[in-house]
C-alpha cells in the first residue's frame, strides 16, 4: 500500500477513538424546578418517567442550593454562577467561563434554552446558542446538533428550556393529566405569609390573589406538574437520540433546576425567599460513566457543577473559582466539601445552615427564625422565641457572619430603623411598585 494512503487511513481510523476519549455531557437545567419536582425525588403526584430513570441510576445531592440573588429574577445570578463558578457577591476577573473551558478541552457544544434573564453574553461562547421557545423546540435543536456531531468530538449539550416556569406551558393533553381536586396542598400551606419578609408583592407573589385558597394553589400545582411532564417527555426524546447515535453510555448527565419555588408553602408563591421549599433549594443529580448510584445530604451549590464536570471529564479545573468540585463526594473519597451553606436574597434576607440547624435573618425588620431541619424539615416550628435556644441562635448568627465573609457578602444583619414586620393581604394594595430592579418584571 502507498505510504501516503496508509497514513491517511490510519488518521481516519484513529479519529473516532480520539473523539470518545472524553465523555459527552448532557446538562439539563429546568426553569423553576423544585427540589422535590420529580417523582424520583419524592413527589407522589407528578409523572416523570424519563428523568426518574436518570435519577434512579445516578447520584443525588439532597441539599443543593443556588447561593442567592440580588434581583427578583433569581435565575439570572444562578445561571451566571453556573457559568463562572464565582459567587455573585464577587467581581469575576479573568477566569474562563464553563463554555470556554469545555471548548478549550476539545468539545463541540450547544446551549438551547431561554434567553430572558440569562447570561447570554457568556453563553455565546458555546458553538451554538439558540432558543427553541418551548421544551420541544429546544429539544429539537439539541437532537439535531447531536445527530450532526456525534462521533466527531466529545459533545457538551446544554438543554435549558423555559419550562416549568409560569405560565407553566404545556400542550393541552398534559393539562388533562392533572386535576386540581386530586392534588394535595403542601404540608406547610398558609393563606398568606405571617410577616413582611421584604418582598411580599414581587411579581411571583401576585400570580395568585390573597388569601391563597386550596382551589387556587392546587390549580397552579396542576399546571406546574403538567409542564414538568411535558418537559420530561422531551428529555426522553434526547435520551433516545443519544442511544440511537451510540453515545448514551459515554454521556455524563446532570439534572438541575436554576432555583426553587414556593407553591403555597408559608403562603408564598415565588423564589424570593430562603425557606427549604422556597427559592434557593434545588434538585441536583449526576449520572453516567463512573458515577455510582446513591445520594448524599452533603451541602452543595449549583456553581459546583462547573469544577465537578471538569474533574469527572478529565479537564483541568481553572484556578480562582469559588465553586468546589463535588467529585470527591460522588466517588466516595470525601463525605462533604463544606460544613455550612449561605443563602441570600437582595438585602432583605440571609440564611445559613449546617447539617442540622438553619437560621434565617431578616435585617430590615430585625427578625430571626431558627429551625431544626432534622425534626422539622418543613420549617413549621420556629424555635427563635424559646429561651433554651438562645445560645444556638448566637452560634448560628456567628456562623452566618463567617459565611458572609467567605463569600464576600457585605450585607448588614441589623439596621438603624427596623420596619414594621406586620403584613396582611390588606397591605398589598398600599405598597408602592418596586422600580429598583427592572428584571423583576419576569422572575
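Computed from the coordinates by the stated procedures, all read-outs in this text should not be read as laboratory data. These numbers come from a predicted model, not from an experiment. Glycine also receives a Cβ, built like all others from the backbone with ideal geometry; neighbour counts cover every protein chain displayed.
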Taking other Cβ within 10 Å of each residue's Cβ, how do 40, 380, 69 sort, fewest first? 380, 40, 69
Given the peptides 301-311, 92-102, arrange them by the average over their residues of other C-beta atoms within 10 Å, most packed first. 301-311, 92-102
Per 10 Å bin, what is the whole-percent P(r) computed from every C-alpha pair distance within segment 86-135? 24, 46, 28, 2
When the Kirkwood hydrodynamic radius is evaluated over all pairs of different C-alpha atoms of segment 344-430, what value in angstrom, to one decimal, is obtained? 14.0
How high is the FRET efficiency from residue 405 to residue 380, r the C-beta distance, R0 25 Å, rounded to 0.05? 0.20
With N residues in segment 135-271, Rg(alpha-carbon) / (2.2 N^0.38 Å) equals 1.30
By how many degrees, 0 to 90 and rounded to 10, does the Cα axis of helix 390-407 deviate from the longest principal axis of the chain? 40
Note down the Stokes-Einstein diffusion coefficient of segment 117-172 in µm²/s, whole number, using a Kirkwood radius over alpha carbon pairs, 25 °C, and 0.890 mPa s. 194
Tell me, in nm to one decimal, what length is gained between residue 338 and residue 185 on full extension, where the rule is 0.36 nm per residue of separation less the Cα-Cα distance? 51.7 nm
For segment 238-302: span of alpha carbons on each principal axis (Å, largest first): 47, 26, 15
Simple label model, 7 Å out from Cα along Cβ direction - residue 237 to residue 124, nm: 2.8
Once the convex hull of the alpha carbons of segment 255-341 is built, what does its volume come to per residue, in cubic angstrom? 113
What is the extension gain from residue 144 to residue 387, computed as 0.36 nm multiplied by their sequence separation minus the C-alpha to C-alpha distance, in nm to one decimal? 81.3 nm
Residues of segment 356-387 with backbone N under 18 Å of the label point set 7 Å from the Cα of residue 416 along Cα→Cβ are 363-366
Can you list, bin by bin at 10 Å, the percent of alpha carbon pairs in the chain, starting at 0? 4, 21, 32, 25, 12, 4, 1, 1, 0
Between segment 250-274 and segment 74-135, what is the separation of their alpha carbon centroids in Å? 19
Nearest 10, in degrees from 0 to 90: the angle of helix 135-149 to the longest Cα principal axis of the chain is 30
Calculate, for residue 176 and residue 105, the FRET efficiency according to 1/(1 + (r/R0)^6) with r their C-beta to C-beta distance and R0 51 Å; round to the nearest 0.05. 0.70
Going by how many other beta carbons lie within 10 Å of each one, how would you line up 266, 165, fewest first? 266, 165
Just the projected area, averaged over all directions, of the convex hull on the alpha carbon atoms of segment 44-136: how many nm²? 8.5
From the C-alpha gyration tensor of segment 58-217, pull out the three semi-axes of the equivalent ellipsoid (sqrt of 5λ each), sorted largest to smallest, in whole Å. 34, 23, 14
Residues residue 195 and residue 249, FRET efficiency given R0 of 35 Å [Cβ-Cβ distance, rounded to 0.05]: 0.10
Within a 10 angstrom radius of the beta carbon, how do 397, 177, 122, 200 rank from fewest other beta carbons to most? 177, 397, 122, 200
